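Novice: Input: one structure, supplied below.
The values are calculated or read from the model by the stated rules, or taken from the named source; none is laboratory data. A quick note: this is a predicted structure, and the numbers were derived from the prediction, not measured. Positions of Cβ are backbone-derived with ideal geometry, glycine not excepted, and every protein chain shown enters the neighbour counts. Only protein heavy atoms, including side chains, enter the accessible area calculation; ligands, DNA and RNA are left aside. Shrake-Rupley method; radii C 1.70, N 1.55, O 1.52, S 1.80 Å.
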Amino acid sequence: MQQTREFLRSLGLPGADPSDLPSSGKRFPDGAQYRVEIPSVEGPEAVAAVLAEADRRGVAVHRVSQGSGGMLLTGGELAAMAAAGSSAGVEVSLFARPLAGWDTGAAALAPGSAGLAAQARGTEQLVHVLEDIRRSAEAGIRSVLVTDVGVLSVAGRMRAAGELPPELIFKVSVQMGCANPASIRLVEQLGAGTYNVPTDLSLAQLAAVRAAVDLPIDLYVEAPDDLGGFIRHFEIAEIVRVAAPVYLKFGLRNAPNIYPSGTHLTATAVALGRERVRRAEIGLELLRRYYPDAVGSGPRPAGLAVPAVPAVPAVPAVPAVPAVPAVAVAAVPAVAAVEGALR
């Protein structure tokens, strides 16, 4: 195997997963090692609840993400989520949909084709996903979740051509499924801004990925049941040391999957969001206990894709109406006098 390992090294990739778990010297633009993400924040009410709970608990939340897609939000809801993120200085990342899993095709439902569910199916769906990204961006959103490599590639070209805002971030979802340094580096080259690695990567595997790429790693330190259900709170200190810069993503085990969400599930989304913030408080307490020197980002850090709320166009001033000159009006005879003259 040595010849293959040497070839990987010649490409700038690790030849093995490092057993010594080296500390990462890479950082966010503000010099921090970690940031906090609360996922599955479905709708304006859930955003408000998460931000309020974070403030109450003293948890610095840097990003909230959503899974139902911009396509299932009204224009007013998109604007409200963008405004909330902009006011709080928090990134709001919306899933780019539709995808095959919610389409009319049956292959995504087959046991052997589960990976197809997160892909754009056919040219029409590719267009629809890109339009969903465009619509979200027009509402002020500056971060979108992408699962399909073709969507990522074309959206990156659209951004370069000025069809999408230059500051728009492509946050690659865990559902893309790339799990090794070579594939994740390829996604980075296609324009990914951050990459959500599979939930079960070991510390050594995370170290190998970090050696190959510079973009921030997103990692569920508590994963939903349908993504493994792992609770890795006691590993957070080592994850930060080895994988920085890293988004610590607090999902929730033993919780319902609420995708696609809507107003019929608002109360559930709000309750789940608040509990995720509580889980973040627990995880950050353990991080401070076992790695007190770890550096987290403060409020509104550099490089965060905070929504840009579109400016309301100024209403042009209405020109003053010129005064109408007074006109002399002859006195009108009393009604009784007129009636008398007619007799």
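Novice: From the residues A161, P98, V129, which one has its Cα farthest along the dipole of the stretch 92-238 in the positive direction, the dipole being from +1 and -1 charges on Cβ of Lys/Arg and Asp/Glu about the Cα centre?
Specialist: Going by the charge dipole, the pick is A161.
Novice: When the dipole is taken about the Cα centre of the chain, and only Lys, Arg (+1) and Asp, Glu (-1) are charged at their Cβ, what size is it in debye, to the nearest 20?
Specialist: Details: 30 positive and 33 negative charges, 88 e Å.
Its charge dipole is roughly 420 debye.
Novice: Order the following by accessible area, largest value first: M176, M81, M1. Probe radius 1.4 Å; ligands, DNA and RNA are ignored. Could the numbers behind the result be given before it?
Specialist: Numbers: M176 30, M81 0, M1 180 Å².
Per-residue accessible area, sorted high to low, gives M1, M176, M81.
Novice: Only four residue types carry charge here, +1 at the Cβ of Lys and Arg and -1 at the Cβ of Asp and Glu. Report the dipole size of the stretch 1-117 about the Cα centre in Debye, rounded to the nearest 20. Don't skip to the answer; put the middle values down first.
Specialist: Details: 9 positive and 12 negative charges, 64 e Å.
About 300 debye.
Novice: For the stretch 190-289, report the accessible area per residue in Å² (1.4 Å probe, heavy atoms, rounded to an integer).
Specialist: Result: 37 Å² per residue.
Novice: Need the C-alpha centroid separation for the stretch 182-196 versus the stretch 1-52, integer Å.
Specialist: 11
Novice: Using the charge dipole of the stretch 1-156 (Lys, Arg: +1 at Cβ; Asp, Glu: -1 at Cβ; taken about the Cα centre), state which of L21, V36, G76 has its Cα farthest towards the positive end.
Specialist: L21
Novice: Now for a different question. Nearest 500 deg cm²/dmol is fine: what mean residue ellipticity at 222 nm does the chain get from its DSSP H runs of n ≥ 4 alone, each adding -39,500 (n - 2.57), divided by its residue count?
Specialist: -11500 deg cm²/dmol
Novice: Let me ask another. Considering amide H positions built from the backbone, and no H for Pro or chain starts, which residues 5 or more places from I169, or on another chain, come under 5 Å of its amide H?
Specialist: Residues meeting the amide H criterion: S143, V144.
Novice: Now, a different point. Rounded to the nearest 10 Å², what accessible area does E235 have for a 1.4 Å probe in the complete protein model?
Specialist: Ignoring ligands and nucleic acids, E235 comes out at about 60 Å².
Novice: Cα atoms only: what Rg and Dmax, in Å, come out for the chain?
Specialist: Here Rg and the maximum Cα pair distance are 27.5, 128 Å.
Novice: If the elastic network links every pair of Cα atoms under 10 Å, which of P198, P22, P111 fluctuates the most in the Gaussian network model of the chain?
Specialist: Comparing P198, P22, P111 in a Gaussian network model of the chain, the most mobile one is P111.
Novice: How far apart, in nm, are two points set 7 Å out from the Cα along the Cα-to-Cβ line at R253 and at R5?
Specialist: Label-label distance for R253 and R5, simple model: 3.4 nm.
Novice: Contour minus end-to-end for D226 and L286, with contour as 0.36 nm per residue of separation and end-to-end as the Cα-Cα distance? Walk me through the numbers on the way to the answer.
Specialist: Numbers: separation 60, 0.36 × 60 = 21.60 nm, distance 2.51 nm.
Net length gain for the segment: 19.1 nm.
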